[in-house]
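The values are calculated or read from the model by the stated rules, or taken from the named source; none is laboratory data. All values reported here derive from a predicted model rather than from experimental measurement. Heads up, the Cβs are rebuilt from the backbone with ideal geometry, glycines too, and the neighbour counts pull from every protein chain shown.
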Amino acid sequence: MTASFTYQINPGRILFGPGTLEAVADEIGGLGAKRALILSTPFQRADAQKLAGRIGSLAAGMFSEAATHTPVAVTLKAMEAFEASGADCLVALGGGSTIGLGKAIAWRNDAPQIVVATTYAGSEVTPILGQTENGIKTTVRDPKVLPEVVIYDATLTIDLPVAMSVTSGLNAMAHAVEGVYARDRNPVSSLMAVEGVRALRDALRVIVKRPDDLPARTDALYGAWLCGSVLGTVGMSLHHKLCHTLGGSFDLPHAETHAIVLPHSAAYNAPAAAAELQPLADLFSGSIGGGLHDFARSLGAPLALKDLGLKESQLDLAADLAVKNPYWNPRPIERTAVRSLLQRAWEGARPE
Ligand code: NAD
């Protein structure tokens, strides 16, 4: 029998496929807006500039200082640029950092947002904003933060380096893995999770061999959209708590940390969520933890937290912080078991 559920569907307009970048001008009009501030990181400024040229007088200006972890100081500077340029909407071109900046502005002034997503992190379809001030990261969940329009044009992901493609794809998979056992899961979010992981699995296998394979890049964005949608719909558990702890308190890089921790967090929860995880385990030779580890290894992904600069002496503190104020998790959070999970992830060992 289908279990009872509540499903709060996030609104949003998705334009998917190579060439959809052409639609930005029409989409600005569709929002009833006239002038867009275009956001990017310094690294993607040239792409943002090209987009500005493409939309001509609809571009009010550019702000290319998006930074990781969405620092509030950068947001306030971007808001000044928004006011000064006379913009009435935002176009964010980039990954989670640039999208975070757009969300942070929209949270404050309710500006409509168009996102052109260029990584697989999934932030573009969530009503979640993480931002940092004085070294402290806080998260808000607010419908105002959810972008109105998302454009997935895989031609913009061809140059995403293979290593980043792999870690970003594993980051997306982590949303789906946690989604299948989420307390507030529903049949649709679970379907999206399994299909998202399958699409990313198949696409990443091709991308590591042929980074410019447009069909594979397109399939990876399809998987990223599905996995991101799961993140935007249901609650996350131990895996995300561990990654937030390692990123927030030890300054480890976001996507790489997700990539390394995922097989271990999945193995931790496997005994408590065997039925829910089974369709995903089936995608990885029947074993969710070991299978994900082997898959990550086959892609050349980083496998060990020690390679990200974490010291073995920091693992005790990491375990203490990770078990403090835990998110809901299918398996009870046991400090000893979490500490040995971290040890294995630090060493890069295959989960048992
Ligand atoms: P990112 O946005 O930080 O991008 C990393 C670097 O890659 C940047 O220099 C960027 O300009 C560059 N880049 C992006 N796309 C590229 C492309 N196609 N080609 C070449 N270079 C490209 O990386 P990310 O992993 O997408 O985002 C991480 C951030 O997003 C973290 O701060 C994380 O907390 C946040 N995030 C938020 C949510 C949410 O729902 N709020 C979800 C996932 C991630």
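Considering (1) surrounded by fewer than 17 Cβ atoms within 10 Å (Cβ to Cβ); (2) within 23 Å of PRO330 (Cα to Cα), say which one ASP159 fails and leave the rest.
(2)
Residue by residue through the stretch 281-309, note down the ones that are of a type in the set (Gly, Ala, Ser) and in a helix (DSSP H, G or I).
Selection gives ALA281, GLY289, GLY290, GLY291, ALA296, SER298.
Would you check which residues across the stretch 218-229 are surrounded by 24 or more Cβ atoms within 10 Å (Cβ to Cβ) and farther than 14 Å from LEU170 by Cα and list them?
The answer is SER229, and nothing else.
Identify, please: which residue in the stretch 327-350 is hydroxyl-bearing (Ser, Thr, Tyr) and part of a helix (DSSP H, G or I) and is, among those, surrounded by the most Cβ atoms within 10 Å (Cβ to Cβ)?
So the residue we want is SER340.
Which residues, counting only those in the stretch 201-224, are over 16 Å from ASP153 (Cα atoms) and in contact (Cβ under 8 Å) with a residue 60 or more places away in the chain?
ARG201, LEU204, ARG205, VAL208
Can you name the residue in the stretch 294-347 that is of a type in the set (Lys, Arg) and free of Cβ contacts under 8 Å to residues at least 40 places away in the same chain and is also farthest from VAL180 (Cα to Cα) among such residues?
Result: LYS311.
Do we find that THR126 is surrounded by fewer than 20 Cβ atoms within 10 Å (Cβ to Cβ), within 20 Å of ARG13 (Cα to Cα) and of a type outside the set (Gly, Ala, Ser) in this structure?
Taking the combined requirement at face value, the residue does not satisfy it.
Right, SER57: at pLDDT 95 or above and surrounded by fewer than 21 Cβ atoms within 10 Å (Cβ to Cβ) or not?
yes
What do you reckon, is ILE38 in contact with a Lys or Arg (Cβ under 8 Å, 6 or more places away or on another chain) and surrounded by 12 or more Cβ atoms within 10 Å (Cβ to Cβ)?
No: the conditions fail for ILE38.
As an exercise: evaluate ALA87 against (1) within 13 Å of the ligand (Cβ to nearest atom); (2) part of a loop (DSSP other than H, G, I, E, B); (3) touching a strand residue (DSSP E or B) at 6+ places or on another chain (Cβ under 8 Å) and give the number of the one condition it does not meet.
So the condition that ALA87 fails would be (1).
Please find, within the stretch 25-84, the residue that is farthest from the ligand (Cβ to nearest atom) out of those that are hydroxyl-bearing (Ser, Thr, Tyr) and outside any helix (DSSP H, G or I).
Selected residue: SER64.
Could you check the stretch 310-326 and list, in sequence order, the residues that are touching a helix residue (DSSP H, G or I) at 6+ places or on another chain (Cβ under 8 Å) and either surrounded by fewer than 16 Cβ atoms within 10 Å (Cβ to Cβ) or not in a loop (DSSP other than H, G, I, E, B) (or both)?
Listed by number, the residues that qualify are GLU312, GLN314, LEU315, ASP316, LEU317, ALA318, ALA319, ASP320, LEU321, ALA322, VAL323, PRO326.
State which residue is farthest from the ligand (Cβ to nearest atom) when the search covers only the stretch 100-124 and only residues that are assigned to a loop (DSSP other than H, G, I, E, B) and among the aliphatic types (A, V, I, L, M).
Filtering the stretch 100-124 for residues that are assigned to a loop (DSSP other than H, G, I, E, B) and among the aliphatic types (A, V, I, L, M), the one farthest from the ligand (Cβ to nearest atom) comes out as ALA111.
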